[in-house]
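Down below is the structure, laid out as structure tokens.
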Amino acid sequence: MILISFKRAFGASLLLLSLPASALHIMIDPGHGGIDRGAVHGSAKESDLVLKVAQKVQNLLSKDSSFKVSMTRTKDQNLSLPARVKMAESVKADLFVSLHANAASDQRARGVEFFFQNNLPPDEESLYLASIENQMLNAKDSEDASEDLSRKGDVAAIIEDLGRQHRMMSSLKFSQTLTQSWATTENRRNPATIKQAPFYVISKTSMPSVLIEIGFLTNPREAKKLLREDYQDDLAQKIYKALVSYKEKMDNPAIKTLN
């Protein structure tokens, strides 16, 4: 899908053009790995759990010709945040999906959360969670990531802003599709929520991106469920179902004029 606009520069309308459907390239990013185990509760390790779920999603997508799938890691290995983003950029992925497991000081905290990057100020809890995840950056990574081109021309600035807005809206659309996939009778009392926070991996990618917290390892009941293979299968199916629905929406041929 291509977003074209000269509204700011020339006062024209905004056109959204849908190209013919093609395989959607999904980059799945199992968080943490190697010496970085992430959240840990008893025998449950975030790095192991998210890799298992990611592999199940990968298996489902690989059987569907509507998708092409890549993984940032396929084993228990340490991988920097910039490296994960670089991998997604190098394969020109259409959508970046990062998987994590949550933790909280309150053991009652539970449920699935979806994060995407937007322009609103995040709440304190989301900022704290993002700061924990972003601690994986070392000094050199931070220095390299901070480099940016200055004095960009007006046209380049407009194109960059349009791209940012497009990524934000597409990320939000996928997040909303995920919540619909989770909207079952069982989850009505504790529905999945959409939040935003400046996680490095979803802030630095040039494609739409969402970070999924699959549950709280600090909640004893939820931790037990996350260790069960049938529950991991269910999580993978929900993510796959959401991806199918998202692609159907993106492939829906339309030419819209937004005034």
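Readers should treat all values here as calculations from the given coordinates under stated rules, not as data from a laboratory. A quick note: this is a predicted structure, and the numbers were derived from the prediction, not measured. As a convention, Cβ positions derive from the backbone with ideal geometry for all residues, glycine included, and neighbour counts pool all protein chains shown.
For the peptides 235-248, 71-84, what is the packing order when you average, over each peptide's residues, the other Cβ atoms within 10 Å and list the highest mean first? Walk me through the numbers before you get to the answer.
Numbers: 235-248: 20.4, 71-84: 17.0.
By packing density, highest mean first, the sequence is 235-248, 71-84.
Here Val201, Val50 are placed in order of increasing Cβ neighbour count within 10 Å, fewest first, which gives Val201, Val50.
Could you pull out the pairs from Lys63/Lys247; Lys56/Lys173; Lys52/Lys224; Lys52/Lys238 whose alpha carbons sit more than 18 Å apart here?
Working: Lys63/Lys247 15 Å; Lys56/Lys173 23 Å; Lys52/Lys224 15 Å; Lys52/Lys238 15 Å.
Over 18 Å Cα-Cα: Lys56/Lys173.
Each residue in Ser181, Ser43, Ser62 was given a count of other beta-carbon atoms within 10 angstrom of its own, and listing them fewest first yields Ser43, Ser62, Ser181.
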